[in-house]
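Below is one structure, written out as structure tokens, with a few remarks after it.
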Amino acid sequence: MESTADWTECRVALPALQNWLVLDLATEDPEAWARALADEHLDSGARAEWREAFAADLLWYWGAARRQGALCAALLAPADGAVMASYTVRELKVPPESLSVAAFRAEAAWAEGPFFGEQDLDEVDLPLGPALRVHRLEPTAPDSDSGGVLEGVAHYVLPSHHPTALECRLLWSTLGFGEELEKVADELAQSLRLT
């Protein structure tokens, strides 16, 4: 991504104990990339329908990350299993007067939702700079009686040495892993660097 700031690359250290699939946001042939990654991830004995479905999932997440203008993105998928969580980092276009944790807190507090329960808002210090940590549960289809629940942790980071704002977000629909995945989200945010 071409940045207007004084940095050119965003880096995140993915936890070694997890099975992360990095999305190649620069590929010019996403379908071939998705098929190759599905073949690499799935057991050689996996049925063709499962390979095609997994490649389609990869393409969906790839397209969502590209539409968001993600700087980097990865998926958490257990060995030979389905996608469990998605992680993206993107630069936010924020006016200079709104580059503060207090402004992010106010905006998150005013967000209409719908959310399940209360959203947790915490100010945290990360190596890259101060941040607002937002944890919440929300419906996947807020305008429908059907759909599932997404849980997620987003860190809205204000890098100390760069005039920008970043959103680092881990989302998952596998409820019951929330406590573990919250820790993963925090670990990812701690590892974030701009170079």
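Per-atom-type breakdown for segment 72-131 gives carbon and sulfur 54% of the accessible area (1.4 Å probe, protein chains only). Taking the longest Cα principal axis of the chain as reference, the axis of helix 30-41 is set at about 70 degrees. Excluding ligands, DNA and RNA, the accessible surface per residue across the chain is 55 Å² with a 1.4 Å probe.
Considering only trypsin sites (Lys or Arg not before Pro) in DSSP loops that have at most 16 other Cβ atoms within 10 Å, the longest stretch of the chain without any of them is 94-195. Inverting the pair-averaged 1/r between distinct Cα atoms of segment 1-119 gives 16.7 Å as its Kirkwood hydrodynamic radius.
The values are calculated or read from the model by the stated rules, or taken from the named source; none is laboratory data. What you are looking at is a predicted structure, and each value in this text was computed from that prediction instead of being measured. Cβ sites come from the backbone with ideal geometry, for glycine too, and all protein chains shown count toward neighbours. Only protein heavy atoms, including side chains, enter the accessible area calculation; ligands, DNA and RNA are left aside. Shrake-Rupley method; radii C 1.70, N 1.55, O 1.52, S 1.80 Å.
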